[in-house]
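Participant: Starting off with a structure, shown below.
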Ligand SMILES: Cc1ncc(COP(=O)(O)O)c(C=O)c1O
């Protein structure tokens, strides 16, 4: 298959605030109605406390709608993303296809206000209630909260539930959480933020820790275990049930990070593996926009014994009406304002309804097939390997290593990734620490075709060939991107090269 070179657009695009001109407007806001002024009295604005009244007009961009549209369209052309190219280099932060029809449905609830009376939002409450039901079925758990606004927040909620459960039993000595190095870093970060000591297990030659390592880690201080399975290597730990039994025998709870559920839907459930809690990322598995490109949503799922500790309120149904149930004295409390990200609930609900149970299973079967097809193609490329011998197919993703090529060509994986941008690809390396040397992690999901996968593998083969025969071409890449190269240290420490915030930019301009 021939590879296609890709040229990103280069626009000399100013910031929105530097576009437009004084007096230009995108939206004309209707004047304050006379009857409201009359009702409030002539001096109504004087009644606002002085410290709440503006002294100057806000420094907002003054710009027409059409200019705004052009601005964002131009920026989008300076980008790599799922709308333009096959984007499966995000791996553990999966980008799959988000059907626009679901977007259309999500807009239907845009006019709702979260403070409306329950009787006027029965529709969205029903969607939340039914979506919670889907997650109970998919996970095997008994109760669900959709309040968390990210996977990491759902993990934090699950950790807080574990703590509340032990506290309720006056079991205060349990201050340790066990995780594994290839679980997502939030599985260590959330318990650490919650004040737990984190014990991290490292893999054996088969890609996951031994039962002996786990047995050595548990004690009467074990509050629980929090693991991702399959983890970021795409390897499924077949001893996960025994892991759970060891933790339970020590009096701990087990939370399953199911953000890598793309290969498990309708096939394996957290409950059957013995877990007490799990969470899903709607923005990874259930086809809602991803956190870095849209508001995220996490579903926290628990057994009946842990249901009283879920974030409040949950959504109840009395046979006639849906309602927000605040009557949960043991709840860990709110983890986010209002109901959660309701637009994502509509998108995920529509996606699940469109697929049905058989369709969800098919999603996973295709995701696993695509991943293992890609794995086979990638392993034909000189210099790349997939560390860890499992003797089994990988599940949803693979963490590859360019170590051999890096050693033989003196090019790093970052230089290869820069060259990949010239072929309309980017790929995620790995979380830190880089246990897999010169890492690159790919997850093709169910969204991409054989043609996409063949093209992706062909581009990787081309880059490897260039690395061996034209290393300077790779070292100097990217050649076709709007930004040439960001040398982290040089740029990040130099405020003349870039700024992170609007205030920073104003400060920089005024210096
Ligand atoms: C396995 C896993 N767990 C947790 C998370 C954290 O989710 P979020 O980025 O929504 O906080 C991710 C993110 O991609 C993940 O891949």
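Participant: Consider only pairs whose beta carbons are under 8 Å apart and that are at least six residues apart or on different chains; among these, list those whose first residue lies in segment 299-312 and is assigned by TED's automatic domain parsing to the domain that holds residue 149 and in a helix (DSSP H, G or I) and whose second residue is surrounded by 24 or more Cβ atoms within 10 Å (Cβ to Cβ) and at pLDDT 95 or above.
Facilitator: Correct list of pairs: 305/276; 306/161; 306/253; 306/276; 306/277; 309/161; 309/302.
Participant: So for segment 469-480 (the condition being farther than 21 Å from residue 402 by Cα and either in contact with a helix residue (DSSP H, G or I) (Cβ under 8 Å, 6 or more places away or on another chain) or modelled with pLDDT under 95 (or both)), does at least one residue qualify?
Facilitator: The answer is yes; a qualifying residue exists.
Participant: Might you let me know whether segment 189-203 holds any residue that is closer than 29 Å to residue 440 by Cβ, in a loop (DSSP other than H, G, I, E, B), touching a residue at least 60 places away in the same chain (Cβ under 8 Å) and away from the ligand (no atom under 15 Å from the Cβ)?
Facilitator: yes
Participant: Quick one: is residue 227 within 15 Å of the ligand (Cβ to nearest atom), outside any helix (DSSP H, G or I) and within 24 Å of residue 171 (Cβ to Cβ)?
Facilitator: yes
Participant: What residue, among those in segment 137-151 that are more than 16 Å from the ligand (Cβ to nearest atom) and part of a strand (DSSP E or B), is surrounded by the most Cβ atoms within 10 Å (Cβ to Cβ)?
Facilitator: Per the stated criteria, the residue is 144.
Participant: Which condition breaks for residue 67 when tested against (1) under 28 Å from residue 483 (Cβ atoms); (2) part of a loop (DSSP other than H, G, I, E, B); (3) modelled with pLDDT of 85 or more?
Facilitator: (2)
Participant: Just one of (1) within 20 Å of residue 141 (Cβ to Cβ); (2) more than 12 Å from the ligand (Cβ to nearest atom); (3) surrounded by 22 or more Cβ atoms within 10 Å (Cβ to Cβ) trips up residue 308, so point out which.
Facilitator: The one condition residue 308 does not meet is (3).
Participant: Related question: Against the conditions (1) over 30 Å from residue 211 (Cβ atoms); (2) within 16 Å of the ligand (Cβ to nearest atom); (3) out of contact with any helix residue (DSSP H, G or I) (no Cβ under 9 Å at 6 or more places or on another chain), where does residue 97 fall short? Just the number, please.
Facilitator: (2) is the only condition that residue 97 fails.
Participant: Looking at segment 153-185 only, could you name the residues that are in a helix (DSSP H, G or I), surrounded by 23 or more Cβ atoms within 10 Å (Cβ to Cβ) and within 15 Å of the ligand (Cβ to nearest atom)?
Facilitator: 154, 155, 156, 157, 158, 159
The values are calculated or read from the model by the stated rules, or taken from the named source; none is laboratory data. Since the structure is predicted, the reported quantities are computational estimates derived from the model, not experimental observations. Positions of Cβ are backbone-derived with ideal geometry, glycine not excepted, and every protein chain shown enters the neighbour counts.
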